[in-house]
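Novice: Have a look at this one.
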Amino acid sequence: MRTKGLVFLFSFLCIALVHAQKEYTVSGKVIDQDTKEPLEYATVAFKDSKSKQVITGGITDGKGAFNIKINEGTYDISIEFISFKTETLPNRSISKNTNLGTISLALNMESLDDVVIVAETTTVDVRLDKKIYNIGKDLTTSGGTVSDALNNVPSVSVDIEGGISLRGNENVRILINGRPSALAGFGSTDVLGQLPAEAIERVEVITSPSARYDAEGTAGILNIILRKEKTLGFNGSVNVNVGHPTSSNVTANVNLRTDKYNIFNTTGYRYRESPGNGFFDTRFFDERQDAFLDSVPYNRNIERREYDRQDKGFNTNLGIEYYITEQSSITGAVFYRNGRDEDLTTNLNDYILNDNPQIGTERKELEIEKDESYQVSFNYINKFNDSGHQLTADLQYDVDNEEQKAFISEPVRYNNTSTAEINIPREETNTTEKQKEFLLQADYVLPIGEDSQFEAGYRGNIENEVTDYVLRQEDSQGNLVINENQTNIFDYTENVQAVYTQYGTKFGSFNFLLGLRLENTNLKGEITSLLTEEELQEEFSFPIDTDFDNNYLGLFPTVNIIYELGEEENITLGYNRRVNRPRGWFINPFPSRSSRTNIFQGNPNLRPAFSNAFDLGYLKRWDKLTLTASIYYQRETDAFQRVREEVTITGPSGSPVEVVRSIPFNLATNERSGGEFGFLYNPAKWLRLNGSVNFFQFKLDGSFNGQDYGQENSSWFARLSSKVTLPGKVDWQTNAFYRGASDEIQGRQDGILSINLAFSKDVLKDNGTISFNVSDLLNSRRRDSFTTTEFFEQVSEFQWRVRSFNLGFVYRFNEKKKRQRSQNDYGGDDDFEG
């Protein structure tokens, strides 16, 4: 018993001695010896110098940095990363807080060709301030477009016409490589439906932007990162796809990396047919007459649409990064895109009086669009040291030229009235748009000690868009003459000058990032028309300033706070003030027509809308499971809303035409709130799951033309993605998306379900991959809605593109050297952008 007591006393003293030892923090940074890029997820292990047993360890964050707490002692410290030589620091005595400095790892050339990839990252990386969607991991986007890929991104939804919203809010800022760009369509998202998904590497969803980012976009920011490899040597891939309805594309990504420069290129060509359809049943509450139908009365119009679209496009992105020194480099890149679309829309119209068909017409509109754009950009970066002290400068120039011609005819299919002859005049439209953008940006980062950082920067951004629109209509003699009421030139310029500063620091378990951005916005527009300003006001039924010059000065504070409950658990709180500036097509008062009876018209009197937003988030990680949750609130003043109303416009020879007009107005305030929940779950090597649910509601308070449009509405959307590895190493992925029904300010929209399915198999010693996918498996991605106003009610159904099938093949050469990350590398992000 005495012996056992002594043993117990000795053990107790040893434990007490261990716990009496002081604990210190060991920090450092791990980088690639060749590229000087930080190595994220590198493993740092501390081994007892005598027993060689591992005592503790950790991994590096997005900046290659690590901070590990360990008791006083002597250790062998090893730093490892897949495909790199292990670096060992033997017999390091730790008796105080120690900074190991920058540790460079060299590629292990002998083992590169024998790397076995046992697992891969999940499709979605969850960071503290954003979600990162890795395009290359999603099988269902093979052969698709950027818009197709965005539709699978958490928190994001893409409607059937390509409109993008974030958490149910359509005012999303689209950036390319962190900057506004002609590649994103100068605010329009149409061009994203023309770029192949293979051209991009990842998409970042930023819901609580810091002061470094442009204040545009009340919903947040989607940052699309184009492909650019940094692997040594010559490598790349070729991707070929064919599909039904008829589609084909080929995309090549190549990269040449040496010690002094890095050349990268992505080139692609695509052809795509996109058949779609629509149905519109409009019941008017009284009888009416159409000027083109002479004296034929009707109180119901049924319109059936068939869309036959052909899209041809070529794009190439060529760049070179030159390493001036080990700490500085300059990058130049040129992007060129050329597209040609031919869209044929057939509208079958039936005009009915008291359930008796009166007149039937067949309206055909052939629209030919040529689009050519290019972008030249330069980036300079100078890293003063390895602790993050750096200066970057960007210069960018974009040009986009579009020419659109439309030929419209509407012969009569049948005539059950006493009117002998009805002739609906032909129309031709010609629209040219020239857009230019110039961007100058500089950012300075200064670390202060180990836990603080100061940033400051400037951005100047000037966009100019000139739209020249000519409408010709057939007169009574059969000649095409200019409609003076609609023909116009609209010259619009947006000039935004901004400076910002922000300071981030860590204090105990709290991380703070405080920022302030000052922006001056100048919006100028000039309307050239054959009508006077008074005549335009009479024609469009609201005041119009044909030469406006508006200035807005705004302060935009941002606050981001992170509280660390543990190494794998934290709470985030974000606040930001942002702006929604009206874009050119929302301001142009001249109507564009999807049919003879339905038009969209811009409003030059729109003012910018400002919002204040709060976001409270929670993140918890386990070995195989990551959970995220957040609740958010936003209050927007002068919010834009589209109002549909019946108006009369002037047709050929001065004849009046009654149409349904959709027009945006500033409708007072819009309060939005909601919550979202997401998970990433990898229960086994053969199964990966991720999903999210987003519920949101808004309260609109405003009126227009004496009518109250106040409304409360709620909706939700959810997505689930599963990836299963079948026998024979065949990957099977299923993506499902559902958007719930919602009440609109003048009606209701039904829910939409979409399911995508894909299979892939690696071949040719894993250098090639064959894939097959089905987009919209159930052919159910269509919008069903009901609209009611004082004058009419309308039931409509619209499908942008029918179900499609795609077969793809990708071949990779020399890409075994690409760095791989294991499935358990969950992607922590402790930088100040968080």
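Novice: Past 29 Å, Cα to Cα, is the threshold; run Lys131/Lys506; Lys85/Lys383; Lys405/Lys436; Lys69/Lys260 against it and keep the listed order.
Specialist: On the way: Lys131/Lys506 22 Å; Lys85/Lys383 25 Å; Lys405/Lys436 21 Å; Lys69/Lys260 38 Å.
Cα-Cα > 29 Å for Lys69/Lys260; rest within.
Novice: Right, here's the next one. Just need the relative contact order of the range 20-109 here, percent rounded to a whole number, with Cα pairs under 8 Å and 6+ apart. Please list the in-between numbers first.
Specialist: On the way: 217 pairs, mean separation 33.2, N = 90.
Answer for the range 20-109 is 37 percent.
Novice: Now for a separate question. In debye, nearest 20, what is the charge dipole magnitude of the range 356-483 about its Cα centre with +1 on Lys and Arg Cβ and -1 on Asp and Glu Cβ, if you could check?
Specialist: Working: 11 positive and 27 negative charges, 79 e Å.
So the magnitude is around 380 debye.
Novice: Summing Lys, Arg as +1 and Asp, Glu as -1, what charge do residues with Cβ under 12 Å from the Cβ of Leu348 carry, Leu348 excluded? The partial results should precede the final answer.
Specialist: Numbers: positive: Arg304, Arg305, Arg363, Lys364, Arg413; negative: Glu303, Glu306, Asp350, Glu362, Glu410.
Net charge in that neighbourhood comes out at 0.
Novice: Shifting gears a bit: Restricting to Cα pairs below 8 Å that are 6+ residues apart, what does the relative contact order work out to for the range 238-813? Please round to a whole percent.
Specialist: Numbers: 1623 pairs, mean separation 53.5, N = 576.
Here the relative contact order equals 9 percent.
Novice: Just rank Lys52, Lys624, fewest to most, by other beta-carbon atoms within 10 angstrom.
Specialist: Working: Lys52 8, Lys624 14.
Fewest-to-most Cβ neighbours within 10 Å comes out as Lys52, Lys624.
Novice: Whole-Hz ³J(HN,Hα) for each residue in the range 676-693, computed from phi via Karplus 6.51 cos²θ - 1.76 cosθ + 1.60 with θ = phi - 60°, x for glycine and proline: what do you get?
Specialist: Coupling constants for the range 676-693: 9, 9, x, 8, 10, 9, 10, x, 8, 4, 8, 9, 9, 10, 8, x, 7, 10 Hz.
Novice: Right, another one. Considering Cα pairs under 8 angstrom that are at least six residues apart, work out the relative contact order of the range 369-456 and quote it in whole percent.
Specialist: Details: 157 pairs, mean separation 28.2, N = 88.
Reported as a whole number, the value is 32 percent.
Novice: Could you please rank Ser155, Ser78, placing first whichever residue has the fewest other Cβ atoms within 10 Å of its Cβ? Write down the numbers at each step before the final one.
Specialist: Working: Ser155 22, Ser78 17.
In increasing order of surrounding Cβ atoms, one gets Ser78, Ser155.
Novice: I've got another one for you. Ordered by residue, what ³J(HN,Hα) values in Hz, to whole numbers, does the range 378-389 give under the Karplus form 6.51 cos²θ - 1.76 cosθ + 1.60, where θ = phi - 60° and Gly and Pro are x?
Specialist: 9, 9, 10, 9, 10, 9, 5, 7, 8, 8, x, 6
Novice: Treating only the Cβ of Lys, Arg, Asp and Glu as charged (+1, +1, -1, -1), what charge dipole size does the range 481-589 show about its Cα centre? Round to the nearest 20 debye. Please list the in-between numbers first.
Specialist: Values: 7 positive and 17 negative charges, 163 e Å.
Dipole about the Cα centre, nearest 20: 780 debye.
Novice: Shifting gears a bit: Dipole size in debye (nearest 20) for the range 252-406 around its Cα centre, Lys and Arg Cβ +1, Asp and Glu Cβ -1?
Specialist: Values: 18 positive and 30 negative charges, 122 e Å.
Here the size comes out at about 580 debye.
Novice: What list of ³J(HN,Hα) values in whole Hz, one per residue of the range 730-746 in order, does the Karplus curve 6.51 cos²θ - 1.76 cosθ + 1.60 (θ = phi - 60°) give from phi, with Gly and Pro shown as x?
Specialist: Karplus values, whole Hz, x for Gly and Pro: 9, 8, 10, 10, 10, 10, 10, 9, 9, 10, x, 5, 8, 8, 9, 5, 9.
Novice: Let me test this: with uniform point scatterers at the alpha carbons of the range 518-596, what is the Debye-based log₁₀ I(q)/I(0) at q = 0.12, 0.16, 0.21, 0.25 1/Å?
Specialist: For the range 518-596, the Cα-only Debye profile gives -0.60, -0.79, -1.05, -1.21.
Novice: Report, for the range 20-109, the % of DSSP beta bridges that are antiparallel, rounded to 5.
Specialist: 80 percent
Novice: Then there is this: Could you list the square roots of 5 times each eigenvalue of the Cα gyration tensor of the range 20-109, that is, the equivalent ellipsoid semi-axes, sorted largest first and rounded to whole Å? Let's see the in-between values first.
Specialist: Values: eigenvalues 106, 39, 19 Å².
They are 23, 14, 10 Å, listed largest first.
We did not get these values from a lab; they are worked out from the coordinates using the rules stated. Computed from a prediction, not measured in an experiment: that's the story for all the values here. Cβ atoms come from the backbone with ideal geometry, glycine included; neighbour counts cover every protein chain shown.
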